[in-house]
Structures are given as C-alpha cells and as structure tokens.
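J.: Take a look at the following structure, please.
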Amino acid sequence: MAPDSFGGTLSASGAAAAIARGWREAVPGDEVLSLPLADGGTGFLDVLHTALGGTLHTLTVTGPLGEPVEGAWLQVDDVAYVESASACGLQHVPRPDRTPDVARRATTRGVGELIAAARDAGAREIVVGLGGSATTDGGAGMLAALGATAVDADGTPLPDRGAALARCARLEGRPDLG
C-alpha cells in the first residue's frame, strides 16, 4: 500500500494502515507492505519521520493569515526537512475564507521561520516540502523571515503578501542561511 494522505480525513500513514487492515481481513494469506507517500504537502514530515527516524521539532510560527500556528521540521543528522504546509497550509484557513482575496493576503513567513530554526539548530542542508499551501506570495514571506526584502521600483519595501508581488522590482538583502 503506497497512498498519499486523503485530504482532510486521513494522513498517508493512517490511509496505508487502513488499507492494509482491510486487505488482511479480505485476504489473510497475502503479504502486505505499507509504504505511505507524501507529495510535499501535509503529511510530508510524518512519512519521512516514519522512514528515516530523526527528531521532530515543533514551534509556533506565523501562519498564512498572520496568526500563530504550530509548524514543524524534522532533523535527521545534519539535514532538516521542513513541511511548508505545517506553517502556511490550507488547513490553517477556514473553508469560508478560502477566497482569492484571502489568498492574495496570505504569507509564507512561517516557512522562513521554520528554516531559520533548522539553521539555528545546525542543519547543513534544508529540504523544503512544498504542497497544500494557502499562499500566493511566491516565497516572499519566507525570504523576509530570513532577512531579504522584496522592493518596488522606487526601493520601497513591499509587504510579504501575494498581491504585493505584482509591484516587485527586485530583492534586497540576502537570505541568512548561515
């Protein structure tokens, strides 16, 4: 069994376990192997943690609408795996608020905060799983959290929200990746 998550209902691990349980009941003599998958969105860390072990870290970061949310990253030796959906995923936006206007105001700042935490913990390589995002800022919020700023043609800093990208002329500063 190699399922991804069942959006909003079962994690990939939960789906694999349920499918395997049903298969074993239906055909008890079959060998069943469960290998949950993730496309980089919600469940990315769950799948990697199951496969690789490591230490799962959680921290409060900026959510897609600016509210605090619990984000996560996984440390395996000197490699960090960041699940962007934990910081800026659709699950943080109530269904009635999933509109184009709200998406234009959403930010990836929390993803940058997770990357900074992994960097500060000594990660030498950082892998970011992208998927399930509620944002349209092209990573501007993530870069802002790491010290870079999108500016307009006059050099005026832009807010790290999706709608502001239409006025972006360049990036000033460099992201601090350690």
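The values are calculated or read from the model by the stated rules, or taken from the named source; none is laboratory data. Keep in mind that what you see is a predicted model, and the values were worked out from it rather than measured. The protein model used for the area step is the full one, side chains on, heavy atoms only, and it has no ligands, DNA or RNA in it. Shrake-Rupley method; radii C 1.70, N 1.55, O 1.52, S 1.80 Å.
J.: Measuring with a 1.4 Å probe in the full set of protein chains, what accessible area per residue, in whole Å², belongs to the range 7-123?
T.: 50
J.: With every protein chain in place, what's the accessible area of Ser133 (1.4 Å probe, Å², nearest 10)?
T.: So the heavy atoms of Ser133 present about 50 Å² to solvent.
J.: Shifting gears a bit: Hey, if we sort Leu56, Leu114 by accessible area with the 1.4 Å probe, largest down, what's the order?
T.: Sorted descending by solvent-accessible area, the residues read Leu56, Leu114.
J.: Hey, another quick one. Quick one: Cα convex hull volume of the range 44-87, Å³ per residue?
T.: Per residue, the Cα convex hull of the range 44-87 comes to 56 Å³.
J.: When the accessible area of the range 1-139 is computed with all protein chains present and a 1.4 Å probe, what percentage of it is carbon and sulfur?
T.: 56
J.: Based only on the alpha carbon positions, what is the Kirkwood hydrodynamic radius of the chain, in angstrom?
T.: 17.3
J.: Have a look at the DSSP beta bridges in the range 27-178 and tell me what percent are antiparallel, nearest 5.
T.: Bridges in the range 27-178 that DSSP calls antiparallel: roughly 75 percent.
J.: Show that you can apply the helix-only estimate: for the chain, add -39,500 (n - 2.57) for every DSSP H stretch of four or more residues, divide by all residues, and state [θ] at 222 nm to the nearest 500.
T.: So the calculated ellipticity at 222 nm is -8500 deg cm²/dmol.
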